[in-house]
Amino acid sequence: MAEARRQGKRLVFTNGCFDLLHSGHVRYLAGARALGDLLAVGLNSDASVRRLKGPLRPFVPQQERAEVLAALASVDYVVLFEEASPARLIAALRPEVYAKGGDYARRALPERPLVEAYGGQVVLLPEAEGRSTTALAERVAARLGGERARERFLAAWRRQRGEFARMAGSRPEVEAGPAARALLAEESELFRVLGREGGAQEPAGLAPAGGETSGTGIEALLAALRAWDERLEAALERLPAGAWLAGGGGADGGPGGEAGAAVRLRRTDLAGRLEALLLRRERLLGLLEAAGGRRPATPPGSGDARSARPSPGPSR
């Protein structure tokens with residue numbers, strides 16, 4: 001890249017998760033490449049995607065996402081980054097053009113001041129209507145049914161349970177305390193929802209919905225959270241497969257007509273709430289890790305995205 005820049009070639013930079021690459025991505029990257037002579041793509045790492053999209057993402061590991069991107073004729077370089085923002089990469093590369101999707105026409109682009117400060121140009125490219133990784137994943141999930149969605153959710157849930165357990169015993173008083181209390185309140189309220197719908201009984205002697213515990217330290221909060229987790233997981237396992245899909249119902253033998261619409265609405269709300277709960281748990285683990293804890297290494301072959309993390313650098 002350095003030699004190309006010395007030759008005066010115009011560098012375009014863009015970034016994203018590029019999970020489940022589709023035609024919208026391909027058209028977007030071709031449009032970005034047309035703005036200059038070289039296109040460098042900042043690719044969110046697996047850990048970064050989890051923080052942005054939730055613990056069920058990415059669907060495709062970072063090494064494979066980088067390989068697919070690098071194979072496109074429009075892409076000259078692929079660089080992995082761990083942060084939520086590509087600001088560090090932009091500051092290092094100083095591209096003449098920073099390209100992003102047209103959705104930023106409706107919201108602020110955080111990197112705009114950085115780019116414009118050194119004389120760079122920000123270009124917003126048009127969106128591809130109806131094409132997104134989320135829409136694609138929803139179509140696939142609808143065809144495969146809720147059983148696999150349930151298995152994927154519970155696998156992520158159990159991984160988080162294991163990490164909470166292994167991080168216990170070494171947590172200082174840290175800012176994760178309020179996050180743990182909020183999460184505990186959310187889990188206790190969700191258990192009550194499951195109890196109303198599926199007959200789950202609230203366990204006695206645990207923290208109420210307000211999140212109060214017998215102690216204020218993070219260890220006491222984590223102990224209460226682990227107790228909730230065990231019982232909540234058992235209640236989740238009893239949910240019918242259709243409850244794990246947004247818009248579920250009908251396909252798994254649920255009622256039709258007006259009653260069916262009510263079931264679908266309830267299941268849609270529940271599926272979204274469960275995914276939001278996983279994301280909140282993942283962020284709490286991140287806070288604990290940042291406060292001095294270390295997440296355990298994922299055993300090779302476990303399928304978790306952390307097991308494959310190449311060193312950032314040009315991929316092509």
Next item on the list: With respect to V78, determine if the residue is closer than 20 Å to A2 by Cβ, among the hydrophobic types (A, V, I, L, M, F, W, C) and at pLDDT 95 or above.
Entry: yes
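Let's see how each residue does on (1) assigned to a strand (DSSP E or B); (2) surrounded by 15 or more Cβ atoms within 10 Å (Cβ to Cβ); (3) basic (K, R):
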site: A47; (1), (2), (3): no, yes, no
site: L69; (1), (2), (3): no, yes, no
site: Y98; (1), (2), (3): yes, yes, no
site: Y104; (1), (2), (3): no, yes, no
site: E116; (1), (2), (3): no, no, no
site: V122; (1), (2), (3): yes, yes, no
Item checked: K53, sole failed condition from (1) surrounded by fewer than 17 Cβ atoms within 10 Å (Cβ to Cβ); (2) out of contact with any Asp or Glu (no Cβ under 7 Å at 6 or more places or on another chain); (3) within 30 Å of L277 (Cβ to Cβ); (4) not hydrophobic (A, V, I, L, M, F, W, C) -> (1)
Margin query: If V12 satisfies all but one of (1) within 29 Å of L278 (Cα to Cα); (2) touching a strand residue (DSSP E or B) at 6+ places or on another chain (Cβ under 9 Å); (3) not charged (D, E, K, R), what's the number of the condition it fails?
Written below: (1)
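I'd like the residue in segment 13-41 that is in contact with a Phe, Trp or Tyr (Cβ under 8 Å, 6 or more places away or on another chain) and within 15 Å of S74 (Cβ to Cβ) and, out of all such residues, is modelled with the lowest pLDDT. If you could, list the steps in order and put the result at the bottom.
Going through segment 13-41, the residues in contact with a Phe, Trp or Tyr (Cβ under 8 Å, 6 or more places away or on another chain) turn out to be 13-15, 19-20, 25, 38-41.
Pick out the ones that are also within 15 Å of S74 (Cβ to Cβ) and you get 13-15, 25, 38-41.
Numbers: F13: 98, T14: 97, N15: 96, H25: 92, L38: 96, L39: 97, A40: 97, V41: 98.
Among residues in segment 13-41 that are in contact with a Phe, Trp or Tyr (Cβ under 8 Å, 6 or more places away or on another chain) and within 15 Å of S74 (Cβ to Cβ), the one modelled with the lowest pLDDT is H25.
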Next item on the list: Could you run through segment 1-28 and say how many residues are over 13 Å from R65 (Cβ atoms) and not in a loop (DSSP other than H, G, I, E, B)?
Entry: 14
Next item on the list: Considering only segment 128-155, state which residues are surrounded by 15 or more Cβ atoms within 10 Å (Cβ to Cβ), at pLDDT below 80 and touching a helix residue (DSSP H, G or I) at 6+ places or on another chain (Cβ under 8 Å).
Entry: A128, R131, S132, A141, G145, G146, A149, R150
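The values are calculated or read from the model by the stated rules, or taken from the named source; none is laboratory data. Source: prediction; values computed, not measured. For neighbour counting, all protein chains shown are included, and Cβ atoms are generated from backbone atoms with ideal geometry for every residue, glycine included.
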